[in-house]
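Engineer: Can you read through this structure? Questions will come right after.
FYI, it's all coordinate maths here, none of it is from the lab. If you're wondering where the values come from, they're calculated on a predicted model, not measured in any experiment. All Cβ positions, glycine included, derive from the backbone under ideal geometry; neighbour counts span all protein chains shown.
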Amino acid sequence: MEIKQSVTEEQICAFEENGVVEFISGSHLWGKWFQPENFDPVDSASYEENPDFVKIPDIQAEREQHKIVSWDMAPGDVLAFHALIVHGSGGNHSNSTRRRGYVVRYTGREAVYCTDPGSQPGNCNPNLNDGEILDSQQYPVVWQNGEYVY
């Protein structure tokens with residue numbers, strides 16, 4: 001039986017030309033929650049403004065003031081990072097390589113559902129109320145007491 005690939009490794013690498021994600025080293029320790037921004041003009045889903053969040057600085061204009069780190073990604077590579085670290089990527093300037101990303105968010109037992117302004121659009125769950133533990137079909141428990149359970 002021949003296995004056919006619909007996506008080859010050449011199509012899923014990430015590097016500077018196609019907009020690899022960049023991080024501001026240590027920014028998760030700043031003690032600030034920044035207002036999320038959507039930079040995709042095609043995607044109309046924007047973040048509701050949260051008055052408790054601060055506007056993110058113009059990182060592009062002050063790149064020399066920050067320690068910005070990034071990694072070229074090869075097939076099979078994974079990046080794991082703190083949710084509050086300031087991160088983002090530029091556009092894809094490659095004419096030959098498409099960029100794809102896959103996001104998985106793992107939380108601890110104490111994580112609760114929250115619909116505060118500034119929450120991720122599209123992650124709504126009408127079956128959960130604010131403050132309820134994330135334990136549902138949308139947020140399954142996958143690891144418990146040192147064992148894989150999903």
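Engineer: List the residues whose amide H sits under 5 Å from the amide H of Ser136, counting only those 5 or more places along or on another chain, with H placed 1.01 Å from N in the peptide plane.
Structural biologist: Answer set, sorted by chain and number: Val141.
Engineer: Given that compact globular proteins tend to follow 2.2 N^0.38 Å, what is the ratio of the alpha-carbon Rg of region 57-145 to that value?
Structural biologist: 1.42
Engineer: In whole percent, what relative contact order does region 106-150 give with Cα contacts below 8 Å and a gap of six or more residues?
Structural biologist: Reported as a whole number, the value is 34 percent.
Engineer: What is the sum of charges around Ile56, taking Lys and Arg as +1, Asp and Glu as -1, for the other residues whose C-beta is under 15 Å from the C-beta of Ile56?
Structural biologist: -3
Engineer: Still on this model: Given H placed 1.01 Å from N in the peptide plane, which residues other than close sequence neighbours of Gly88 have an amide H under 5 Å from its amide H?
Structural biologist: Correct list: Glu22.
Engineer: Given just the C-alpha atoms of region 106-150, how large is their convex hull per residue in cubic angstrom?
Structural biologist: 82
Engineer: Still on this model: Cα centroids of region 118-142 and region 30-101: how far apart, whole angstrom?
Structural biologist: Between the Cα centre of region 118-142 and that of region 30-101, the gap is 23 Å.
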